[in-house]
Amino acid sequence: MSSEADEPSPEVEAAPVDEARQALVDTLSAALGADLLEHVVESGDVWVRVAPSAWSRAVEVARDQLGMTYFGFLSAIDWKQNPDLSGQKLWDPDAEEGEGPGDGPGNWTTGKAGGETRFQVFCRLDNVDTHVGITLKVDVGDEDPHVESLVALFRGADWHERETWEMYGIVFDGHPGLRHLYLPTEFEGFPLRKDFPLLARELKPWPGLVNVEGLPGEEDGEETAGELAAETAEAGDS
């Protein structure tokens with residue numbers, strides 16, 4: 001009598017290949033070679049990570065060979081972790097630069113198509129005829145992030161790169177004029193970096209974190225939200 005272990009296991013069907021989107025990756029791979037570092041074709045979309053030296057070239061190939069003539073947007077991501085945010089962007093400057101378990105250079109969790117540095121830049125391009133798009137991403141470093149500007153390829157990248165420079169401190173080499181869009185010229189720091197403290201929230205919590213009025217049936221002697229906010233403000237003044 002044969003045991004269940006002797007029975008052949010059922011065959012697992014391979015996931016269907018998205019031939020149209022895989023063809024995009026193949027074209028980029030042929031043009032960039034080893035500079036195409038990683039890619040993901042999944043859920044009807046494509047993510048491709050390229051070497052920093054090939055950033056501008058990758059966008060040019062996507063535009064000219066893949067028909068990605070619509071520049072959707074460009075932005076950045078700071079993958080630094082802070083497990084103790086608790087709903088507020090309050091940074092503890094004495095906690096080893098805020099690094100938690102598994103955090104630090106070489107340990108960033110960087111999403112689709114991976115990554116090796118804290119900061120990444122990504123842009124979205126689309127083919128308006130086929131309605132197929134691609135997300136290109138590039139590692140730009142940890143301490144001195146910079147990458148080539150795309151303004152020579154897409155004029156619409158101008159303001160996107162200025163905003164990313166202003167909010168993340170990422171320099172776009174060759175940009176015709178990196179200057180502030182929103183912040184005053186003398187402003188110091190980069191507000192969208194994970195280690196930029198919102199000092200105002202150290203004195204006054206986010207409105208949604210506490211109730212501004214006591215709840216019905218609140219027991220006597222229980223601290224109200226207003227009292228908690230007052231204590232937070234007093235602690236900041238001391």
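The values are calculated or read from the model by the stated rules, or taken from the named source; none is laboratory data. All values derive from a computational prediction rather than experimental measurement. No Cβ is skipped: glycine too gets one built from the backbone with ideal geometry, and neighbour counts run over all protein chains shown.
Which condition does Glu148 not pass, out of (1) at pLDDT below 95; (2) more than 12 Å from Val50 (Cα to Cα), if it passes all the others?
Exception for Glu148: condition (1).
Quick check on my filter: what residues within the stretch 128-161 are part of a strand (DSSP E or B), touching a helix residue (DSSP H, G or I) at 6+ places or on another chain (Cβ under 9 Å) and not acidic (Asp, Glu)?
Hits for the stretch 128-161 are Val132, Ile134, Leu136, Val138, Val140, Gly141, His146, Val147.
Given the criterion free of Cβ contacts under 8 Å to residues at least 40 places away in the same chain, buried (at least 17 other Cβ atoms within 10 Å of the Cβ) and touching a strand residue (DSSP E or B) at 6+ places or on another chain (Cβ under 6 Å), identify the matching residue among Thr135, Thr117, Thr164.
Only one candidate passes the filter, namely Thr117.
Name the residue, out of Pro184, Pro205, Pro216, that is at pLDDT below 95, of a type outside the set (A, V, I, L, M, F, W, C), surrounded by 15 or more Cβ atoms within 10 Å (Cβ to Cβ) and more than 19 Å from Ile77 (Cβ to Cβ). Can you show your working first?
On the way: Pro184 fails: surrounded by 15 or more Cβ atoms within 10 Å (Cβ to Cβ); Pro216 fails: surrounded by 15 or more Cβ atoms within 10 Å (Cβ to Cβ).
Among Pro184, Pro205, Pro216, only Pro205 is at pLDDT below 95, of a type outside the set (A, V, I, L, M, F, W, C), surrounded by 15 or more Cβ atoms within 10 Å (Cβ to Cβ) and more than 19 Å from Ile77 (Cβ to Cβ).
Could you look through the stretch 138-158, keep only residues that are surrounded by fewer than 17 Cβ atoms within 10 Å (Cβ to Cβ) and of a type in the set (D, E, K, R), and pick out the one that is farthest from Met68 (Cα to Cα)?
Filtering the stretch 138-158 for residues that are surrounded by fewer than 17 Cβ atoms within 10 Å (Cβ to Cβ) and of a type in the set (D, E, K, R), the one farthest from Met68 (Cα to Cα) comes out as Glu143.
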